[in-house]
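Here is the structure we will look at, set down as structure tokens.
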Amino acid sequence: MRKTFSDPFRRQSKAGLHGFTLVELMIAVSIIGVFCMSLNLLYRASIGSFNMSANRSESLQAAYFMYQKLMYEFKMVIVSDRFPVSIESTQGANNNKLSFFIFSRNPQNPAQILTEQVVYEFFPAEFSVKRNNKVLKPDRFSKVEFVVEGEQVPGENQDVHKLLLRITGI
């Protein structure tokens with residue numbers, strides 16, 4: 001005589017032990033499927049949120065770097081009739097070239113102060129920045145937008161009197 005232990009997941013009938021019915025298995029599989037799909041959606045949302053915040057942080061860091069670099073040079077700007085600040089539009093872009101003169105030291109004789117022209121070119125389509133025809137960290141500004149605007153006082157000479165430089169992390 002064979003001894004059988006009662007299994008809480010099995011039904012006992014007159015003919016012996018039986019398994020789950022097909023309907024019970026389909027319900028269990030569908031519940032597990034819904035649970036797995038919700039976990040997958042939650043996982044994808046968290047990965048997307050992480051990537052978005054990492055991209056945002058990177059673009060803000062690049063914008064801050066550019067801001068610091070420009071502010072450092074703007075502290076040394078010379079503004080006069082002989083050394084104008086100018087904004088130009090080149091290569092089909094609007095107001096993408098900013099040029100000005102700054103004080104700099106002579107590398108051979110640090111006591112001697114020189115003037116140096118600095119030209120920044122912002123290329124919105126390529127998201128790149130050039131300083132004196134040298135590209136600044138090529139991939140650093142891939143998510144940064146630059147807008148340069150100048151305002152002139154009516155009735156005076158054509159020099160720029162107010163300068164707005166907007167650096168935006170995209």
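Annotations
- Net charge contributed by nearby residues that have their C-beta within less than 12 Å of residue 120 (K/R +1, D/E -1): +2
- Environment charge of residue 50, counting only residues whose C-beta is closer than 12 Å and scoring Lys/Arg +1, Asp/Glu -1: +2
- Segment residue 39-residue 115, length gained on full extension (0.36 nm per residue, minus Cα span): 21.1 nm
- Note on residue 166 and residue 64: their simple-model spin labels are 2.2 nm apart, each label 7 Å out from Cα toward Cβ.
- Here the 3J(HN,Hα) profile of the stretch 115-121, calculated from phi with Karplus coefficients 6.51, -1.76 and 1.60 at θ = phi - 60°, is 10, 10, 8, 10, 10, 9, 10 Hz, Gly and Pro shown as x.
- Full-stretch length increase - residue 24, residue 86 - with 0.36 nm per residue and alpha-carbon distance subtracted: 14.5 nm
- Annotation: residue 127 carries an accessible surface of approximately 70 Å², with a 1.4 Å probe and no ligand, DNA or RNA atoms counted.
- Solvent-accessible surface (1.4 angstrom probe) belonging to residue 168, in square angstrom, nearest 10: 50 Å²
The values are calculated or read from the model by the stated rules, or taken from the named source; none is laboratory data. No experiment lies behind these values; they were computed from the predicted model shown. Reconstructed Cβ throughout: ideal geometry from the backbone, glycine too, with neighbour counts over all protein chains shown. Just the protein is used for accessible areas: all its heavy atoms, side chains included, with ligands, DNA and RNA removed. Shrake-Rupley method; radii C 1.70, N 1.55, O 1.52, S 1.80 Å.
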